[in-house]
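Scroll down for the structure; my scribbles are underneath it.
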Amino acid sequence: MLKFQNNNTITIATFEDFILTAFVIIDELYFRYVPDAVSKRRNVLNAKLSDSEIITISICGELIGVDSENAWFSFVKKNYHHLFPGIGSRSRFNRTRRSLLQTTELIHQKMFSAFAMPYSRYLVIDSFPLAVCKFGRARYCQSFRSDGADYGKCPSKKETYFGFKVHAMITLEGFITSFEITPASTDDREGLRDLAANHSGVTILGDKGYIGEALTQEMHSQGICLMALKRSNSKNDWPKTVRQLIFRLRRRVETVFSQLSEQLNAERVLAKSFQGLCTRLTNKILGYNLCLALNYLLNVNCEIGKIKQLIF
């Protein structure tokens with residue numbers, strides 16, 4: 001488990017302090033969990049920036065809210081060159097960042113267990129739309145069609161969009177344990193099946209998109225209790241108190257999605273390739289979870305809805 005020594009005092013007063021703290025954590029997780037095939041690959045010692053530095057720069061850019069990769073790279077090169085003296089060309093940096101997608105996802109997966117953060121046995125699952133272009137331009141958009149982008153409906157916004165759908169499993173404490181990107185037309189229940197594959201002995205709360213006796217029995221066979229809000233005309237609806245409890249606990253996922261969308265611009269797709277899109281979303285989620293982990297490590301009591309106040 002990662003932890004600070006009791007005789008050390010850590011204070012994050014500036015954004016530079018946060019960058020340094022983030023790098024130390026990312027670097028520790030990198031050397032603890034990343035396989036030798038990646039960390040000791042050929043010519044890695046000749047690289048001007050380490051993998052940990054590249055991941056740190058990427059997640060800090062997402063957290064500070066700079067959408068333009070060019071603008072953020074230039075800003076770091078101008079203002080934080082003393083922290084990253086080996087920073088080179090933007091094109092090389094972006095190529096390496098995209099190639100580290102699986103490494104970044106591995107660090108995201110291991111962060112939850114590395115900090116041993118307290119969490120309940122209740123998880124919340126939901127999805128949000130990821131439109132790759134305006135609806136009027138969808139018929140002309142060819143960038144992501146070969147990667148599975150298609151038409152889907154967003155019930156909350158009551159609109160049809162073209163792109164993908166992001167499914168996420170979230171603890172009641174707000175930590176995103178797992179996520180995946182699927183075509184927009186994918187049924188939410190398929191996303192649940194994928195994300196629940198590595199879980200057991202938990203209770204998963206869902207909305208009306210996860211109803212179905214067959215799905216409930218399937219989850220039960222995996223040791224998972226699925227509790228989904230049912231339609232108003234359902235003959236076997238939950239008691240009123242249970243419905244109210246599910247509805248109240250599910251508010252956590254709405255808060256998390258709001259943070260990802262409004263503060264980290266998760267629904268704004270500026271990537272030109274599917275790998276680039278996945279890389280940016282993974283960096284956003286890793287950065288978000290890092291904020292929660294730092295809040296836990298530093299014993300900072302801050303409203304989870306104000307994620308940027310967790311760090312700077």
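Below 20 Å, Cα to Cα, which aspartates and glutamates can Lys48 reach? Residues fewer than 8 away in the same chain don't count.
Counting by Cα, and skipping residues close in sequence, Lys48 has these aspartates and glutamates nearby: Asp27, Glu28, Asp36, Glu69.
Rolling a 1.4 angstrom probe over the protein heavy atoms, how many square angstrom per residue are accessible across region 207-263?
63
How big is D for region 122-176, in µm² s⁻¹ as a whole number, if Stokes-Einstein is applied with the Kirkwood radius of its Cα pairs at 25 °C and 0.890 mPa s?
This corresponds to a translational diffusion coefficient of 196 µm²/s.
Which value in Å does the Kirkwood hydrodynamic radius of region 1-123 take, with 1/r averaged over all unlike C-alpha pairs and then inverted?
15.9
Just to confirm the number: angle between the C-alpha axis of helix 51-64 and the first principal axis of the chain, 0 to 90 degrees, nearest 10?
60
With a Förster radius of 30 Å, plug the Cβ-Cβ distance of Thr216 and Lys110 into 1/(1 + (r/R0)^6) and report the FRET value to the nearest 0.05.
Between Thr216 and Lys110 the formula returns 0.45.
Can you work out ³J(HN,Hα) from phi for every residue in region 148-163, in order, using Karplus 6.51 cos²θ - 1.76 cosθ + 1.60 and θ = phi - 60°, giving whole Hz and x for Gly and Pro?
Along region 148-163, the couplings run x, 4, 8, 8, x, 10, 10, x, 5, 9, 6, 8, 9, 9, 10, x Hz.
For region 237-299, report the convex hull volume of the alpha-carbon atoms normalised per residue, in Å³, without decimals.
123
Within region 8-48, list the residues whose amide N lies under 16 Å from a label point set 7 Å along Cα→Cβ of Gln102.
33-42
Would you mind calculating the gained length between Lys77 and Asn198 on full extension (0.36 nm times residue separation, minus the Cα-Cα distance), in nm to one decimal?
39.5 nm
Using modelled amide H (1.01 Å from N, peptide plane; none on Pro or chain starts), what sits under 5 Å from the amide H of Val132, excluding residues fewer than 5 places away?
When sequence neighbours closer than 5 places are left aside, the close amide H contacts are Phe162, Gly163, Phe164.
Leaving ligands, DNA and RNA out of it, work out the accessible area of Ser258 with a 1.4 Å probe and give it in Å² to the nearest 10.
Result for Ser258: roughly 50 Å² accessible.
How far apart, in nm, are the 7 Å Cα→Cβ label points at Lys134 and Gln244?
Each label point lies 7 Å from its Cα, and together they span 4.6 nm.
Using amide H atoms built 1.01 Å from N in the peptide plane, name the residues 5+ places from Ile204, or on other chains, whose amide H lies under 5 Å from its own.
Result for Ile204 returns Leu123, Cys225, Leu226, Met227.
Only four residue types carry charge here, +1 at the Cβ of Lys and Arg and -1 at the Cβ of Asp and Glu. Report the dipole size of the chain about the Cα centre in Debye, rounded to the nearest 20.
600
Assign one of three labels to region 104-254, namely rounded, prolate or oblate, based on the Cα gyration tensor with a ≥ b ≥ c the square roots of its eigenvalues; rounded applies when a/c is under 1.5, prolate when it is not and a/b is larger than b/c, and oblate otherwise.
oblate
Over the chain, with a Gaussian network built from C-alpha contacts below 10 Å, which listed residue (Asn265, Asn43, Asn94) shows the highest mean-square fluctuation?
Maximum among the listed residues: Asn43.
Can you give me the relative contact order of the chain as a percent, contacts being Cα pairs under 8 Å and 6 or more apart?
21
Quick one: net charge around Phe75, please, counting Lys, Arg +1 and Asp, Glu -1 for every other residue with C-beta under 15 Å from its C-beta.
Net charge in that neighbourhood comes out at -1.
Can you tell me the Rg and Dmax of the chain, counting just the alpha carbons, in angstroms?
20.4, 66
Gap in Å between the Cα centre of region 88-105 and the Cα centre of region 122-148?
Computed from Cα coordinates, the inter-centre distance equals 23 Å.
Relative to the longest principal axis of the chain, what angle (0 to 90°, nearest 10) does the C-alpha long axis of helix 15-33 take?
The angle comes out at about 80 degrees.
Rounded to the nearest whole Å³, what is the per residue volume of the convex hull around the Cα atoms of region 53-139?
172
Starting at the first residue of region 196-206, write each ³J(HN,Hα) from the Karplus equation 6.51 cos²θ - 1.76 cosθ + 1.60 with θ = phi - 60°, in whole Hz, x for Gly and Pro.
Per residue, the Karplus-derived 3J(HN,Hα) values read 7, 4, 9, 10, 7, x, 10, 10, 10, 9, x Hz.
Can you pull out the chymotrypsin sites (Phe, Trp or Tyr not before Pro) in region 257-297 that DSSP calls coil and that have at most 10 other Cβ atoms within 10 Å?
For chymotrypsin sites (Phe, Trp or Tyr not before Pro) across region 257-297 that sit outside H, G, I, E and B with at most 10 neighbouring Cβ atoms in 10 Å, the list is empty.
Give me the angle, in degrees from 0 to 90, between the Cα long axis of helix 274-297 and the longest principal axis of the Cα atoms of the chain, rounded to the nearest 10.
The helix 274-297 is inclined about 90 degrees to the chain.
The values are calculated or read from the model by the stated rules, or taken from the named source; none is laboratory data. Not measured: the values here are computed from a predicted model. Don't worry about glycine lacking a Cβ; one is built from the backbone with ideal geometry, like all the others, and counts go over all protein chains shown. Keep in mind that these areas ignore ligands, DNA and RNA; they rest on the heavy atoms of the full protein, side chains included. Shrake-Rupley method; radii C 1.70, N 1.55, O 1.52, S 1.80 Å.
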